[in-house]
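Structure first, then comments.
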Amino acid sequence: MDLAVILQTLLSGVMMGFVYALVSIGLNLIYGVMEIINFSHGAFLMLAMYIAYWLNVMAGTDPVLAAPASGLAIGLLGALTYKLIIKRVMKAPALAQVFSTFGLLVFLEALAHFLWTADYRTVEKTAFSGVVSLFGLRVGLAKLVVAACAILTTAVLFWFYNRTKTGKALQATAISHRAAKLMGIDTDRMFLISWILGGATVGMAGAFLASLYNIFPTIGTTFVLLAFAVVVLGGFGSITGTLYAGLIIGLIENVAGIFAPAFKYAVVYALFIGVIVFRPKGLLGR
Amino acid sequence: MLSIIDLRVNYGKVRAIQGASLRVEAGQLVSIVGSNGAGKSTILQAISGLVPVSGGEIWFDGERLDRLPAHEIVRRGIAHVPEGRALFGRLTVLENLELGAYARQYTRREFDRVLEEVCTMFPILKKRARQKAGTLSGGEQQMLAIARGLMLRPRLLMLDEPSLGLMPSRVSQIFETLSQIKRRDLTIVLVEQNVQESLELADYAYVLQTGRVVLEGPGDVLLQQDMIRQAYLGM
Amino acid sequence: MTRKPTKETLPALPGSSLLKPGFLVPLLAFVVAFPWVFQRSTFQNTAILVLLYAFLGQAWNILGGYAGQVSFGHAVFFGIGAYTSSLLLINTGLNPWLGMLVGAAVAATVAAVIGIPAFRLTGHFFLMATVGFGEIIRTLFVNLPEVTRGAQGVFLPLLESSIKNLMFRQSNTGYYYIILVMTVALFAGTAWLERSKLGYYFKAIKEDWEAAEALGVNATRYKFIALAISAALTAMGGTFYAQWVLYLDPYSTMPLMVSVQIALVAILGGVGTVMGPFLGAALLLPVSEVIRVAVGGGGRGISPMIYGLAIILISVWQPNGIMGWVQARERRAPQDQTGGAEP
Amino acid sequence: MSGRYGLFVMVLLLAAALVATACAGQKAEEKKIVKVGVIYPMTGDLAAVGNDHKAIMELAQEIINGEYDLNIPLAKTRGLPNLKAELQLVFGDSQGKPEIARSEAERLINEEKVVALLGAYASSSTAPASQVAERYGIPFMTPESTRADLTERGFKWFFRNIPYDRMAVESQFKFLAAVRDKGINVGNLGLLYENSLWGQGAAQEQRGLAAKYGFTIVVEVAYPKEITDVTSEVLKLKAAKVDTVLSTNYINDAILFMKAFKEQDFTPGAIIGLEGGMVAKEFIPSLGKDAGYVLTTATWSPALIETKPIVGKINAMYKEKHGKNISAYQPHAFTAVMVMADAINRAGSTEPEAILKALKATDYPGESLIMPWKGVKYDEKGQNIYGDVPILQILDGKYEVVFPFELASKQLVWPAPPWSERK
């Protein structure tokens, strides 16, 4: 195998890595703060993709520019999910929590099917088409833009999480609800914020991804299992970890794709199990 | 300043506190002593809103606390340094202190001044500012927990077993610190297993047994009581 | 006194009113008479699905409900059971009943191997690991065509109709009674388990792993036992499914959705209770069927919408499942009685 | 106390609801009606297909029961003249699940008393549903399930109109051989396929036929169909110096691969698909000009709307009703209704054995089909032997027939121009 292929594979892996990281961050945020797995995360992603798609069809908005709108909308959906469902099952057994978000997943996917049918849709009017060639390495411009947006969004979130008072309070809540309360942190508000942020990031991710993928009601499921792997690998509650884990999974997926494409997700899951068993706090967990 | 009237707390069927009344006057250091499971920690948790109150009332400066959520109570100026310290181990010492001031809307300058003030009491924390809280030694962690509570500039400081699990030399250091804090006219509620020291320090003290106040009085008076001496001091 | 439904206020046998003859005898009479009363094949097929999922849900319940280890990977054991007996039948002509036992043994073995790493985990981590194993094993089934015929799947040969062959050509009644007997036996076994030492150990592990260890219960060992029993039973359900549908492939027998459906039946019914999985299956499957018939074929996803909504509502309002509701009524019942005695 | 009775009442109510909803469908027995059952996925992942099929099959039913001036058997007369009855299609929803397909087949046979079954799109549903039909001795016709061994089960009651995968793959290789005979360099083959039932089966056929026709396969890339990134798969093809790609994809992955081919500047001489994604209605709209030069087998082609009058007429009727053209596998569903109705009419009876006999004697004329086939005639396994599989190429944004050469609507372009030279 020549060097060019290896480099191209690595590059492609890194690009996908950023995308996976962005898709996963919201999941991690919510789990980190509340210890609730949001199974409907994939449906959030799917809805965001549809928002970007319809904005493109109706107003000609480029999907990348639709990100704020879809981020806002899905952030709101996150808030509603928290207020209407999660808050009511917080004291319930963990199983009820799992199934409430699972029910939401089924509901939202069916809703998308009802509203927009099962047809595959593709964003047709995009400003970023064509291919960028650099030292013989080739990347689709759209993918490059998506990766850049993913990095930017992650950076902003990172800043928010580590440099603002609310960000610190979120971290404190993630570490211990009780200790956070003793600091005068309104944990209920932090839960709400984590759902809003979780929704908003996956909402933006969905808009970015809309230009790369076909859009259909069950598209989210494809990503969400990988997102779980990313979150576990990176360690719960760690944004940096999620970023690195996204990169690792992107790379593994691409390298495995060269050698045994049929097994590539199996390799990812095997690694994922290995990590949770031997390093339950994540590869980079503290 | 703080008055607790006929407080009752249940955990499921277990009645942890079954009608306890306590008073804390401004500027006092009040000790609560009692054996394990007597309900000492539960009283502090009830005050700071961590456990729901099943009956009775808690008043603080003319305001009823027992209906408020925990974060509102902290905003009233009540700092609770819980048993086991509840530090944010993944965060740095400085970040822990910042979070201690979360409920206060300090300006940058005010924050720096409060931080300076607290750090003069615990110089070691300044040295460790960038270190993760989880990597500190037990004594240092306790210092940090107290310092974090002080960052609130509390009107009432509640300490739960500050000396628990520390080496004897560290224990005396903690009590040294406590008396230092006391000198600054802060109102303090102290829950301690080291009955001797805590009573020596206390202006007033309560003895708890199975969720009830069985004895109360000024610290030095209680220290003379036979029951205390037999039950807790082994004399 | 508060009347919150806490652990301490539960009766010794939760939901026991559903285990009394007053409820069981009419229920049994109903299920035994069912195929004679309802001869339409829709009813019979739905009833078979209900019983099959009650069986699978109960198998899941032993691990997930009693021993408290929540798995989202049971489709693997289901698939292993279905495949083992079917491949043995095709390749060696082994009787499906024997194949069922072999499948159960294989599933238990695989379960034990999975358990070695997975039982180092708890809670959400264990759950995620079972999802991962599910995906890995399904991938293996797809990609080892020499053994499993890969994605091509397996057609079962049509044998003569008989109980011995576990195959009936014209009528569903045979299938119905076989799965009925299997289900009743499993439910009786579970009722026994609940009172047995083993069941007690399981519950101890679920409530407090460390305390169980401290009491001298070898928690890990009993977790393995629960997993092996659960996997073996699930595999038996798989064999029944294979003999009934007569066609298998990894995408339709082993997807995550089957794992979730198995767990869902038990959870909606009420985990850690004997009757829970039956109630869950009896509610969930016919309801989705009724919605589908009522809304019509071209429903464009209305029926899954209602289904999803129903799951959300149940988890919000009755997080302990249908049995939670039954138990709440039972707790109220004695008070009603005393209330009635007073003038 | 009332808890357990409440529950019991609940169960009974449920049963009552079932009875009520099921009975609602049972009335209007006055008119003489012949029922044919249809099983398709109406909900779930494949719902779009099922609903599209239902729409066009209802059109077929209308044509049979009404009077239309079309050159199709039964069109000019009302209903089934030999039985003096109307045809009624009864639809069942498989949800795309084998066990539901099985249940629906039984329901249609036992409760709706259908005389024949059509369906069920996915081979994994067709297999169990047709097994039920076999057990009950009712004819089962699949319009579009292509899995090869469906007709290898030795079933007496099973019929298939569509040329199955082996025939389509055979067509790919006949085409390759013909191209080679013209002096074009076909070069090394690479197999690219989605790793489930369909893709694995196609690859198996392709391996066998490559050996038979003397072509070399240098690389095989099987990928899971839920794939999110295909760059490494494309690199693998590129690194293996593949000249011709035989590509078996669903629509989602087909589009991802085409995008990645372009991104990685991978231009094989030809990309030859096996229907599926390459003929899906979204393929050309999603890719625009990047879909150009793709070759694919196709049992049906939209080009027929213009080239074959009968297809144009049916399409016009469909378009008037539903506002869109017929596409992909819909014509197969339409054809199945027509062929089955014709057989029942010829049988002159609703006795299964009579219908079976009529089906076996089927020789449906090609000019009455909205398919490009010579006709419909079954071999002893129930496979339609007249199903030809032409090869289409996407030229100027349209599907054009390029093979067999004598039927070509446009000249084949091989090799495809490199990405950089496309306008």
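The values are calculated or read from the model by the stated rules, or taken from the named source; none is laboratory data. No experiment lies behind these values; they were computed from the predicted model shown. All Cβ positions, glycine included, derive from the backbone under ideal geometry; neighbour counts span all protein chains shown. The accessibility values were calculated without ligands, DNA or RNA, using every heavy atom of the protein model including side chains. Shrake-Rupley method; radii C 1.70, N 1.55, O 1.52, S 1.80 Å.
Having 1 or more residues that are under 20 Å from C:A107 (Cα atoms) and within 14 Å of chain A (Cβ to nearest Cβ) is the bar; report the helices (runs of 4 or more DSSP H) wholly within region C:136-242 that clear it. Lay out the reasoning, then the answer.
Values: elements: C:145-148, C:173-195, C:197-207, C:209-214.
Ranges flagged: C:145-148.
Conditions tested, residue by residue: (1) of a type outside the set (F, W, Y); (2) crowded, with 16+ Cβ neighbours inside 10 Å; (3) touching a Ser or Thr at 6+ places or on another chain (Cβ under 8 Å).
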position: C:P145; (1), (2), (3): yes, no, no
position: C:F155; (1), (2), (3): no, yes, no
position: C:I163; (1), (2), (3): yes, no, no
position: C:M167; (1), (2), (3): yes, yes, yes
position: C:L186; (1), (2), (3): yes, yes, no
position: C:W192; (1), (2), (3): no, no, no
position: C:S196; (1), (2), (3): yes, no, no
position: C:A204; (1), (2), (3): yes, yes, no
position: C:A242; (1), (2), (3): yes, yes, yes
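Among the numbered criteria (1) touching an Asp or Glu at 6+ places or on another chain (Cβ under 8 Å); (2) closer than 25 Å to C:Q39 by Cα, which single criterion is violated by C:A219?
(2)
Note down all Cβ pairs under 7 Å where the first residue falls in region C:171-190 and is without any contact (Cβ under 8 Å) to a residue 60 or more places away in the chain, the second is of a type in the set (V, I, T), and they're at least six residues apart or on different chains.
C:G174/C:I163
When both residues are 6+ apart or on different chains and their Cβ atoms are under 7 Å apart, which pairs have a first residue that lies in region C:210-221 and is under 11 Å from C:A67 (Cβ atoms), and a second that is open to solvent by 90 Å² or more (accessible area, probe 1.4 Å) and assigned to a helix (DSSP H, G or I)?
As it stands, the answer is C:A219/C:W209, since those pairs meet every condition given.
To keep it simple, each residue is scored yes or no on (1) within 14 Å of chain D (Cβ to nearest Cβ); (2) open to solvent by less than 20 Å² (accessible area, probe 1.4 Å).
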| residue | (1), (2) |
| --- | --- |
| A:V202 | no, yes |
| A:F223 | yes, yes |
| A:A229 | yes, yes |
| A:G235 | no, yes |
| A:A266 | yes, yes |
| A:I273 | no, yes |
| A:K281 | no, no |
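I'd like the full set of residues that are outside any loop (DSSP other than H, G, I, E, B) and in contact with a helix residue (DSSP H, G or I) (Cβ under 9 Å, 6 or more places away or on another chain), limited to region D:136-155. Steps first, please.
Pass one, region D:136-155, residues outside any loop (DSSP other than H, G, I, E, B): D:136, D:140-142, D:148-152.
If the condition is that a residue be outside any loop (DSSP other than H, G, I, E, B) and in contact with a helix residue (DSSP H, G or I) (Cβ under 9 Å, 6 or more places away or on another chain), then D:Y136, D:F140, D:M141, D:T142, D:A148, D:D149, D:L150 are the ones that fit.
Might you let me know whether region A:123-142 holds any residue that is within 14 Å of chain C (Cβ to nearest Cβ) and either touching a Phe, Trp or Tyr at 6+ places or on another chain (Cβ under 8 Å) or not in a helix (DSSP H, G or I) (or both)? Quick ask: steps written out before the conclusion?
Taking region A:123-142 and keeping what is within 14 Å of chain C (Cβ to nearest Cβ), we get none.
Taking every residue of region A:123-142 in turn, none turns out to be within 14 Å of chain C (Cβ to nearest Cβ) and either touching a Phe, Trp or Tyr at 6+ places or on another chain (Cβ under 8 Å) or not in a helix (DSSP H, G or I) (or both).
Looking only at region C:276-285, which residues are in contact with a Leu (Cβ under 7 Å, 6 or more places away or on another chain) and open to solvent by 10 Å² or more (accessible area, probe 1.4 Å)? Full working, then the answer.
Step one: filter region C:276-285 for residues in contact with a Leu (Cβ under 7 Å, 6 or more places away or on another chain), giving C:280, C:283-285.
If the condition is that a residue be in contact with a Leu (Cβ under 7 Å, 6 or more places away or on another chain) and open to solvent by 10 Å² or more (accessible area, probe 1.4 Å), then C:L283, C:L284, C:L285 are the ones that fit.
Of all residues in region B:1-52, which are of a type in the set (V, I, T), surrounded by 19 or more Cβ atoms within 10 Å (Cβ to Cβ) and either under 14 Å from B:V189 (Cα atoms) or within 14 Å of chain C (Cβ to nearest Cβ) (or both)? It would help to see each step written out before you state the result.
Our first condition is that a residue be of a type in the set (V, I, T); within region B:1-52, this holds for B:4-5, B:9, B:14, B:17, B:24, B:30, B:32-33, B:42-43, B:47, B:51.
Applying the additional criterion that residues be surrounded by 19 or more Cβ atoms within 10 Å (Cβ to Cβ) yields B:4, B:9, B:17, B:24, B:30, B:32-33, B:42-43, B:47, B:51.
Across region B:1-52, the qualifying residues are B:I4, B:V9, B:V24, B:V30, B:I32, B:V33, B:T42, B:I43, B:I47, B:V51.
How about region B:118-223: which helices (runs of 4 or more DSSP H) wholly inside it have at least 1 residues that are within 14 Å of chain A (Cβ to nearest Cβ)?
Values: elements: B:123-127, B:138-150, B:168-182, B:195-201.
In region B:118-223, the matching helices (runs of 4 or more DSSP H) lie at B:138-150.
What single numbered condition from (1) within 14 Å of chain A (Cβ to nearest Cβ); (2) crowded, with 17+ Cβ neighbours inside 10 Å; (3) farther than 20 Å from D:Q61 by Cα; (4) in contact with an Asp or Glu (Cβ under 9 Å, 6 or more places away or on another chain) fails to hold for D:S327?
Just one mismatch for D:S327, condition (3).
Can you work out which of the residues in region D:82-127 that are aliphatic (A, V, I, L, M) and in a loop (DSSP other than H, G, I, E, B) is surrounded by the most Cβ atoms within 10 Å (Cβ to Cβ)? Before you say what the answer is, go through the steps one by one.
From region D:82-127, those aliphatic (A, V, I, L, M) are D:83, D:85, D:87, D:89-90, D:100-101, D:105, D:108-109, D:114-118, D:120, D:122, D:127; that's our starting set.
Cutting the leftovers down to in a loop (DSSP other than H, G, I, E, B) gives us D:83, D:114-115, D:120, D:122.
Numbers: D:L83: 17, D:V114: 25, D:V115: 22, D:A120: 33, D:A122: 27.
Looking at residues that are aliphatic (A, V, I, L, M) and in a loop (DSSP other than H, G, I, E, B), I get D:A120.
Determine whether region D:182-195 contains at least one residue that is among the hydroxyl-bearing types (S, T, Y) and farther than 16 Å from D:G273 by Cβ. It would help to see each step written out before you state the result.
So the first thing to find is which residues in region D:182-195 are among the hydroxyl-bearing types (S, T, Y), and the list is D:193.
From the residues that got through so far, the ones that are farther than 16 Å from D:G273 by Cβ too are none.
The answer is no; no qualifying residue exists.
Which residues, counting only those in region D:67-77, are exposed (fewer than 14 other Cβ atoms within 10 Å of the Cβ) and either free of Cβ contacts under 8 Å to residues at least 12 places away in the same chain or more than 19 Å from D:D363 (Cβ to Cβ) (or both)? Steps first, answer last, please.
Initial filter on region D:67-77 (exposed (fewer than 14 other Cβ atoms within 10 Å of the Cβ)): D:67, D:69, D:71.
Within region D:67-77, D:E67, D:D69 qualify.
Report whether or not C:A129 is assigned to a helix (DSSP H, G or I) and more than 9 Å from every other protein chain (Cβ to nearest Cβ). First the steps, then the outcome.
Working: assigned to a helix (DSSP H, G or I): yes; more than 9 Å from every other protein chain (Cβ to nearest Cβ): no.
No: the conditions fail for C:A129.
For region D:236-259, check the following and say yes or no: at least one residue is within 9 Å of chain A (Cβ to nearest Cβ) and in contact with a Pro (Cβ under 6 Å, 6 or more places away or on another chain).
Checked region D:236-259: no residue is within 9 Å of chain A (Cβ to nearest Cβ) and in contact with a Pro (Cβ under 6 Å, 6 or more places away or on another chain).
Kindly indicate the residue of region C:87-104 that is free of Cβ contacts under 8 Å to residues at least 60 places away in the same chain and not in a helix (DSSP H, G or I) and also surrounded by the most Cβ atoms within 10 Å (Cβ to Cβ) among those meeting that condition.
It comes out as C:L94.
Are there any pairs with C-beta distances below 7 angstrom linking a residue in region A:166-187 that is more than 7 Å from chain B (Cβ to nearest Cβ) to a residue that is in a loop (DSSP other than H, G, I, E, B), with the two at least 6 apart or on different chains, and if so which?
Here the result reads A:T173/A:I185; A:A174/A:G237, each pair linking region A:166-187 to a residue that is in a loop (DSSP other than H, G, I, E, B).
From the set of residues in region B:96-114 that are open to solvent by 30 Å² or more (accessible area, probe 1.4 Å) and in a helix (DSSP H, G or I), which is nearest to the other protein chains (Cβ to nearest Cβ)?
Initial filter on region B:96-114 (open to solvent by 30 Å² or more (accessible area, probe 1.4 Å)): B:98, B:104-110, B:112-113.
Now drop any that are not in a helix (DSSP H, G or I), which leaves B:98, B:108-110, B:112-113.
Details: B:E98: 6, B:R108: 12, B:R109: 16, B:E110: 14, B:D112: 15, B:R113: 18 Å.
Per the stated criteria, the residue is B:E98.
Report, by residue number, each residue of region B:54-65 that is surrounded by 20 or more Cβ atoms within 10 Å (Cβ to Cβ) and touching a residue at least 40 places away in the same chain (Cβ under 8 Å). Walk me through it before giving the result.
So the first thing to find is which residues in region B:54-65 are surrounded by 20 or more Cβ atoms within 10 Å (Cβ to Cβ), and the list is B:58, B:60, B:65.
Listed by number, the residues that qualify are B:I58, B:F60.
Test D:E320 against the stated conditions and say whether it is under 18 Å from D:V34 (Cα atoms), open to solvent by 10 Å² or more (accessible area, probe 1.4 Å) and in the same structural domain as D:N71 (by TED's automatic domain parsing). Steps first, please.
Working: under 18 Å from D:V34 (Cα atoms): no; open to solvent by 10 Å² or more (accessible area, probe 1.4 Å): yes; in the same structural domain as D:N71 (by TED's automatic domain parsing): yes.
The answer is no for D:E320.
How many residues does region D:278-292 contain that are at the interface with chain A (Cβ under 8 Å from one of its Cβ atoms) and surrounded by fewer than 19 Cβ atoms within 10 Å (Cβ to Cβ)?
Residues flagged as at the interface with chain A (Cβ under 8 Å from one of its Cβ atoms) and surrounded by fewer than 19 Cβ atoms within 10 Å (Cβ to Cβ) within region D:278-292 amount to 2.
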